[in-house]
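**Q** Provided herewith is a single structure, encoded as structure tokens, for subsequent inquiry.
The values are calculated or read from the model by the stated rules, or taken from the named source; none is laboratory data. Please read these numbers as outputs of a predicted model, since none were measured by experiment. FYI the Cβ positions are ideal-geometry reconstructions off the backbone, even for glycines, and counts take in every protein chain you see.
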Amino acid sequence: MFDSPFSKETSRFTVKRRNIELEPQDVLLDTIAQERKEERFDERKIEVALSSKVSKGLYVCSLLLGIAFLFQVFNLQVVAGDKMRELAQNNTLYVISRTPNRGVIFDQDMVQLVFNRPSFDFLCDKRDMPESRKEKEKLLLELSLVFQRPLEELKEEFDKNPSPEVLIKEYISHEELVVGETRSMEFKGCYVDETITREYVDGKTFSHVMGYTAKTSPEELKTLKGYSVVDQIGKIGIEKAYEDRLRGISGKTIVERDSSGAAIGEPRQIPGVPGQNIVLWLKIGLQKQLVSSLERVFADTGARKGAVIALDPKTGGVLALVSMPAFDNNVFSQGISAKDWEVLLKDPSDPLFNRAMSGIGFPTGSVIKPIIALAALQEGVITENTVLDAPLELCVENIYTKEPECFRDHAYHGSADVKKAIAESVNPFFYKIGGGFEGFKGLGPVKIIEYFAKFGLGSLTGIDLPGEGKGILPKIDKNWRLGDTYHLAIGQGPFAMTPLQMASAISAIANQGKLMRPQIAKGIADNKRNIIQGFEPRIAAQGLADEKNIELVREGMRQTVTAGSATGFLNNLPVKVAAKTGTAQTGRKTADGKDYLYSWTVAFAPYDNPEILIVAVVENIREGQVAALPVVKEALEWYFTQ
């Protein structure tokens with residue numbers, strides 16, 4: 001580079017005149033000097049160096065800008081790199097979810113209870129619809145006319161649904177399918193999508209066990225990962241409890257597009273993974289038999305509501321679960337109309353409510369007495385040889401009125417030991433061992449509730465179905481009186497249990513002291529109906545009482561069949577049966593002044609080695625009618641003869 005003419009460095013160079021050669025800069029300098037010779041001094045420009053303060057300021061600003069630039073580069077490339085790459089990819093790749101084949105459900109004999117059937121939905125992709133709001137609403141108006149959906153409903157779904165796809169109509173008819181396919185070019189961004197729907201065997205018979213599936217709601221889409229608007233999701237029952245196993249993994253269709261939105265090449269298909277098949281402990285024949293028996297009892301008595309639970313006492317496996325009235329789950333899985341939904345909600349019999357395991361349950365009546373008897377034996381209140389007088393009426397002083405308060409029995413029994421008291425449901429015997437009488441010290445309410453809790457009453461059993469209720473245990477306060485304890489000892493008062501809780505508790509007596517967690521699912525099966533994974537039985541508690549005391553209670557329940565309240569119903573079956581019957585007041589009376597009752601029966605068989613335990617309850621039975629016993633009898637008859 002040429003030196004400046006004002007540089008101090010030039011002073012050490014000399015110009016050689018011998019060859020009369022000039023350096024290029026000499027020529028340039030002479031020319032510039034000549035041009036400026038006439039320039040006035042005051043018009044000449046003098047360069048002044050920047051102050052050190054300004055220089056430092058510029059340096060600091062440059063440094064800060066550099067740091068900010070480097071920080072932003074680091075943030076975009078490293079910190080938010082994955083997100084930025086995903087956003088960039090989404091700008092060019094459209095991912096369409098494909099519903100996987102949902103796993104099916106079998107009973108324990110590998111009878112299939114649900115099938116997958118092909119169906120079609122009509123959807124629109126927001127990303128491909130017209131850009132302007134006006135054009136979008138015009139398209140939605142056309143679709144509302146074709147698919148018979150209110151325009152405002154479609155607009156609301158379009159605005160609130162977080163998914164890029166909007167479900168215009170599910171389970172479209174053949175005519176709607178033809179229209180959707182032939183007019184797809186007119187409906188910009190909209191298309192027909194092939195999916196599946198669930199078809200349940202005997203929908204009403206198994207609805208409270210199986211549950212149903214329906215399309216994922218906008219609320220669910222906001223909280224659940226991996227679901228799209230076209231996906232089915234379990235709402236209740238087994239379908240909900242085992243959603244993660246039944247669902248599988250969605251497939252994907254990936255379409256690459258250029259900046260104008262045109263597709264590039266062929267769509268890439270990523271196949272989904274089918275869901276797993278669930279095997280239940282349920283026996284389809286037993287379930288149908290129980291439904292048939294309840295319907296017959298309803299016809300004979302005028303009752304309309306009831307529930308039955310059947311368990312395997314050794315494993316806790318649920319062999320049957322019936323709640324009536326029931327609903328048809330096929331109506332839900334195939335898209336229930338708003339009108340039908342309204343009818344179901346307003347039905348006074350509440351068919352959506354699972355009476356077998358949900359809510360607070362029912363007053364148990366005398367079916368609770370085996371647990372009271374076991375508690376009294378275990379606590380030394382009575383022994384095998386204890387005999388108590390059982391008058392027709394037992395009277396004690398009311399602590400508030402100071403007047404005698406009397407508790408009557410349904411019949412005179414004279415005297416009774418523990419086995420007779422269970423077999424004949426002798427109320428005065430249980431009044432005394434529960435609350436005491438004239439110097440005889442009973443268990444007391446605190447100890448009774450302690451044993452109820454020991455047997456799982458008043459808490460969730462842990463069954464693998466959603467929607468379980470806890471029942472109600474009474475609270476002991478300063479207002480509690482002896483009469484309340486008497487009521488509690490025979491299953492009355494502020495006390496209620498679900499049929500499932502009662503089945504679980506009495507199973508612990510049937511199997512000699514193990515409280516099993518009820519379990520509806522038995523394992524996982526492959527497509528050839530082979531069980532590839534079994535679910536182990538779960539023990540909630542064991543050693544609840546001495547085997548000798550449990551055996552005494554079992555003998556009392558056996559005597560119920562041979563010489564007690566179940567004689568004439570359960571004593572002529574192919575196997576030995578042990579049982580306990582009971583009735584509990586509803587608080588309602590018939591027009592002629594008789595009580596409406598809850599009718600209960602619990603039974604297990606064979607007596608020596610139980611493999612089935614059944615609890616049945618029928619609501620609103622008029623005093624004097626028999627309801628639960630025939631249901632249990634017919635079920636055991638079917639079980640041991642089929």
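**Q** Please determine whether any residue of region 114-124 is in a strand (DSSP E or B) and small (Gly, Ala, Ser). Give the steps one after another, and end with the answer.
**A** Looking only at region 114-124, we keep the residues that are in a strand (DSSP E or B), and these are 114-124.
If we keep only those that are small (Gly, Ala, Ser) as well, we get 119.
Scanning region 114-124 turns up at least one residue that is in a strand (DSSP E or B) and small (Gly, Ala, Ser).
**Q** Same structure again: List pairs: first residue in region 125-141 and within 16 Å of residue 167 (Cβ to Cβ) and in the same structural domain as residue 180 (by TED's automatic domain parsing), second residue surrounded by 13 or more Cβ atoms within 10 Å (Cβ to Cβ) and among the charged types (D, E, K, R) anywhere in the structure, Cβ distance under 7 angstrom, at least six positions apart or on different chains.
**A** Sorted first by the residue in region 125-141, then by its partner, the pairs are 125/165; 128/188; 129/136; 129/188; 139/188; 140/155.
**Q** Residues to consider are 476, 463; find the one that is part of a loop (DSSP other than H, G, I, E, B), assigned by TED's automatic domain parsing to the domain that holds residue 409, β-branched (Val, Ile, Thr) and surrounded by fewer than 17 Cβ atoms within 10 Å (Cβ to Cβ).
**A** On the way: 463 fails: surrounded by fewer than 17 Cβ atoms within 10 Å (Cβ to Cβ).
Selected residue: 476, the only one of 476, 463 that is part of a loop (DSSP other than H, G, I, E, B), assigned by TED's automatic domain parsing to the domain that holds residue 409, β-branched (Val, Ile, Thr) and surrounded by fewer than 17 Cβ atoms within 10 Å (Cβ to Cβ).
**Q** Another question about this same structure. If I filter region 550-560 for residues that are more than 22 Å from residue 607 (Cβ to Cβ) and in contact with a helix residue (DSSP H, G or I) (Cβ under 7 Å, 6 or more places away or on another chain), do I get at least one hit?
**A** Scanning region 550-560 turns up no residue that is more than 22 Å from residue 607 (Cβ to Cβ) and in contact with a helix residue (DSSP H, G or I) (Cβ under 7 Å, 6 or more places away or on another chain).
**Q** Run residue 551 past the list (1) of a type outside the set (Val, Ile, Thr); (2) closer than 23 Å to residue 361 by Cβ; (3) at pLDDT 95 or above and report the number of the one that doesn't hold.
**A** In the conditions (1) of a type outside the set (Val, Ile, Thr); (2) closer than 23 Å to residue 361 by Cβ; (3) at pLDDT 95 or above, residue 551 misses (2) alone.
**Q** Could I ask something else about it? Which number in (1) over 19 Å from the mean Cα position of the chain (by Cα); (2) buried (at least 20 other Cβ atoms within 10 Å of the Cβ); (3) not acidic (Asp, Glu) marks the one condition that residue 302 misses?
**A** (2)
**Q** Let me ask something additional. What do you reckon, is residue 171 farther than 22 Å from residue 224 by Cα and under 29 Å from the mean Cα position of the chain (by Cα)?
**A** yes
**Q** What tally of residues in region 266-299 results from selecting those that are under 25 Å from residue 347 (Cβ atoms) and within 23 Å of the chain's Cα centre (by Cα)?
**A** As a first pass, look at region 266-299 and keep what is under 25 Å from residue 347 (Cβ atoms): 287-288, 290-299.
With the extra rule that they be within 23 Å of the chain's Cα centre (by Cα), the set shrinks to 287.
Selection size over region 266-299: 1.
**Q** Within region 149-160, is there a residue that is under 18 Å from residue 196 (Cβ atoms) and outside any strand (DSSP E or B)? Walk me through it before giving the result.
**A** Let us first name the residues in region 149-160 that are under 18 Å from residue 196 (Cβ atoms), namely none.
Within region 149-160, none of the residues are under 18 Å from residue 196 (Cβ atoms) and outside any strand (DSSP E or B).
**Q** For region 514-555, which residues satisfy the criterion of being more than 30 Å from the chain's Cα centre (by Cα) and of a type outside the set (Val, Ile, Thr)?
**A** Taking region 514-555 and keeping what is more than 30 Å from the chain's Cα centre (by Cα), we get 543-555.
Selection gives 543, 544, 545, 546, 547, 548, 549, 551, 552, 554, 555.
Yes/no per residue for (1) closer than 24 Å to residue 325 by Cβ; (2) assigned by TED's automatic domain parsing to the domain that holds residue 506; (3) in a loop (DSSP other than H, G, I, E, B):
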site	(1), (2), (3)
562	no, no, no
565	no, no, yes
572	no, no, yes
583	yes, no, no
601	yes, no, no
613	no, no, no
620	yes, no, no
635	yes, no, no
638	yes, no, no
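**Q** When region 465-481 is examined, which residues are found to be touching a residue at least 40 places away in the same chain (Cβ under 8 Å) and under 36 Å from the mean Cα position of the chain (by Cα)?
**A** Matches in region 465-481: 465, 466, 467, 468, 469, 470, 471, 472.
**Q** Now a separate question. On the given criteria, is residue 407 surrounded by 13 or more Cβ atoms within 10 Å (Cβ to Cβ) and under 22 Å from residue 460 (Cβ atoms)?
**A** Considered against the rule, which asks whether it is surrounded by 13 or more Cβ atoms within 10 Å (Cβ to Cβ) and under 22 Å from residue 460 (Cβ atoms), residue 407 comes out as no.
**Q** Out of the strands (runs of 3 or more DSSP E) lying entirely within region 184-296, which hold 3 or more residues that are touching an Asp or Glu at 6+ places or on another chain (Cβ under 9 Å), modelled with pLDDT of 95 or more and surrounded by 20 or more Cβ atoms within 10 Å (Cβ to Cβ)?
**A** Details: elements: 190-200, 212-215, 232-236, 251-256, 268-270, 277-280.
Qualifying strands (runs of 3 or more DSSP E): 277-280.
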